[in-house]
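The values are calculated or read from the model by the stated rules, or taken from the named source; none is laboratory data. Being a predicted model, the structure only gives us computed values, none of them experimental. Note: ideal-geometry Cβ built from the backbone for every residue, glycine included; neighbour counts use all protein chains shown.
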Amino acid sequence: MHKNRMSIVLASAFLLSFSNLAGAATLALTDPIGTHAGVGLDLIFGWTFSVNAPITVTSLGLYDQDDFGLFDTHEVGLFRLSDQSLMGSVAVPAGTCGTVLDHFCFENVSPFDLAEGTYVVVMTMPKGTADSQVILATSFSTPSEITYITSVLDPKSTLTFPSSALNGVLGPGMFGPNFTFTSAPVPEPSTCSAIGAEILALLALARRRNR
């Protein structure tokens, strides 16, 4: 019993040390400025981007112009471009948003990893929705882990991988869908040494108590 308890303590200390290395959640896109518009037909739209360093997606969401909540439920999904695989998705419900960041309404997802590569994040826009999004964007910002490529538009009513026929037709951005992510930096040698010393000290303490 005593050894099992000490093993739990050691494991907890190890995990806590590494969890402190992970950064806080980051917005993939911020400060979009452009025309606000709804739609007169069913659409999916969003944007393609490249991942420059491995990240973990933690939530998906969409633009909420006045932070008053949404009139309709929208599905948001993130696809890998190379094989059109759906990496993760969520239904953002109508009503008051759970989490609002920079005028985007987010829902948590089971975290999933994105390796370096190209992806597309899209959302459904039901016909006649009053949930205006940003189109014809004139400016926006992305963090260093993300590079924006182009806008995506497809006349479909369900969340599916968008065809490329209308990519880029509405200018330099359709926002639209967004996501948050975390990135875990590789520990520096000094950090690894500190963690190792901490674990060795705990092991030594465990041996003394067992004696």
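Given Ile33, Ile44, which one is closer than 15 Å to Asp131 by Cβ, over 17 Å from the mean Cα position of the chain (by Cα) and in a strand (DSSP E or B)?
Criteria check complete, one pass: Ile44.
Would you mind stating whether Leu170 is in a loop (DSSP other than H, G, I, E, B), modelled with pLDDT under 75 and on the phi < 0 side of the Ramachandran plot?
yes
Please work out which one of (1) in contact with a Leu (Cβ under 8 Å, 6 or more places away or on another chain); (2) closer than 14 Å to Gly176 by Cβ is the condition Val57 fails and give its number.
So Val57 meets the others, but not (2).
For segment 126-164, how many residues are part of a loop (DSSP other than H, G, I, E, B) and of a type in the set (S, T, N, Q)?
Matching residues across segment 126-164 total 9.
Give the residue, chosen from Phe68, Phe45, Phe79, that is exposed (fewer than 14 other Cβ atoms within 10 Å of the Cβ) and of a type in the set (Phe, Trp, Tyr).
Phe68
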